[in-house]
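Please read the structure below before turning to the comments.
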Amino acid sequence: MPIRHHLATIALAWAATLTLALGTEEIKVTVHEGPNSCADFDAEKKPTKVQKDYSVAFHFTAYDDATGKKIESSHDLGVAPSFPVGQGKVISGLDQGLIGLCKHSKAYIVIPPHLAYGTMGKPEQGVTKDTILRYDVEIIDIQPPVPNDFKDIDSNKDWKISRKEATYYFESKNQNVDIDALFKTEDTDGDGYVSWEEFTGPKGAEGPPSTRQKQQTQEVDPLEQAAAIFQQMDLDSDGKISKEELAAAFELMGEKMTDEFWTESDANGDGFVSIQEFIGDPGREEL
């Protein structure tokens, strides 16, 4: 087996172990101004507490919790963003931390790296794999979920409704609907499906993801992932992995590194594993 395949195996196993270890860190939410607790709704049945799928408008300023350096702020844009909570529109830690906050409250949400930008970080904003984020948020407004029949009917979530999906949905609701007549009205381009754009019923506030959004959600490039793991294993950040550092990765997994494994990993025998030895030459197939 090629050396880089040996290293890839240990690296992925180590990364999985590290994720479990980091996963013990929790989000910390501290309300420092405004209501600390509230009912779900006020006397007029308007929402007063952030709940999953509810749309929340809020101002925020994000900081590096260790240094206090400002990373970004909605105040700089002059607009309070609004989005449905708990649907993955923002980093996981913020998605979770907003739930339960009251309208007009101000809170600090401290988010560990694995619930922020993970091993890749966000270098363009100075966020590394180790950065703990602190969001100073102010809840401006809360709105109930927008009805979305399209989402309920589109069972396979491919952003188009088939005849089979429509039939199953209406049968589950015990509603006798003429599917042929429905598609004759809704399927305006005659392709056999009702797209989100064609659908005339309640369909929420947001349509299908754009091409750019799809690209951003694609799988991380394997070389970039390997480079991120290399940086994590390089404990002293000197751009190379020593025998002690690689042994520490084994120990984290409850294993012991053999001298044979080290000899194979340190191909040039200089006492360190370089990024080239770790990743290998992507343009050359190793035998």
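Per the listing Lys106, Lys89, Lys28, the residue uniquely of a type outside the set (Asp, Glu), out of contact with any helix residue (DSSP H, G or I) (no Cβ under 8 Å at 6 or more places or on another chain) and farther than 30 Å from Gly254 by Cβ is Lys106. Between Ser242, Ser265, Ser195, the distinction of being open to solvent by less than 50 Å² (accessible area, probe 1.4 Å), at pLDDT 90 or above and farther than 30 Å from Gln143 by Cβ belongs to Ser242 only. Counting only strands (runs of 3 or more DSSP E) that fall entirely inside the range 51-168 and contain at least 3 residues that are open to solvent by less than 40 Å² (accessible area, probe 1.4 Å), the qualifying elements are 55-64, 106-111, 133-143. Of the residues making up the range 61-103, those that are in contact (Cβ under 8 Å) with a residue 60 or more places away in the chain and closer than 24 Å to Thr119 by Cβ are Ala62, Tyr63, Asp64, Asp65, Ala66, Ile71, Gly93, Gln96, Gly97. When Ser237 is tested against (1) within 30 Å of Lys89 (Cβ to Cβ); (2) modelled with pLDDT of 65 or more; (3) assigned to a loop (DSSP other than H, G, I, E, B), only condition (1) is not met.
Where residues in the range 51-89 are among the β-branched types (Val, Ile, Thr) and in contact with a Lys or Arg (Cβ under 8 Å, 6 or more places away or on another chain), which of them is modelled with the highest pLDDT?
The qualifying residue modelled with the highest pLDDT is Thr61.
Restricted to the range 268-287, and to residues there that are of a type in the set (A, V, I, L, M) and not in a loop (DSSP other than H, G, I, E, B), the residue that is modelled with the highest pLDDT is Val273.
The values are calculated or read from the model by the stated rules, or taken from the named source; none is laboratory data. Small disclaimer: the values here were computed from a predicted structure and weren't measured. For neighbour counting, all protein chains shown are included, and Cβ atoms are generated from backbone atoms with ideal geometry for every residue, glycine included. Heads up: the accessible areas ignore ligands, DNA and RNA and are worked out on the full protein's heavy atoms, side chains in. Shrake-Rupley method; radii C 1.70, N 1.55, O 1.52, S 1.80 Å.
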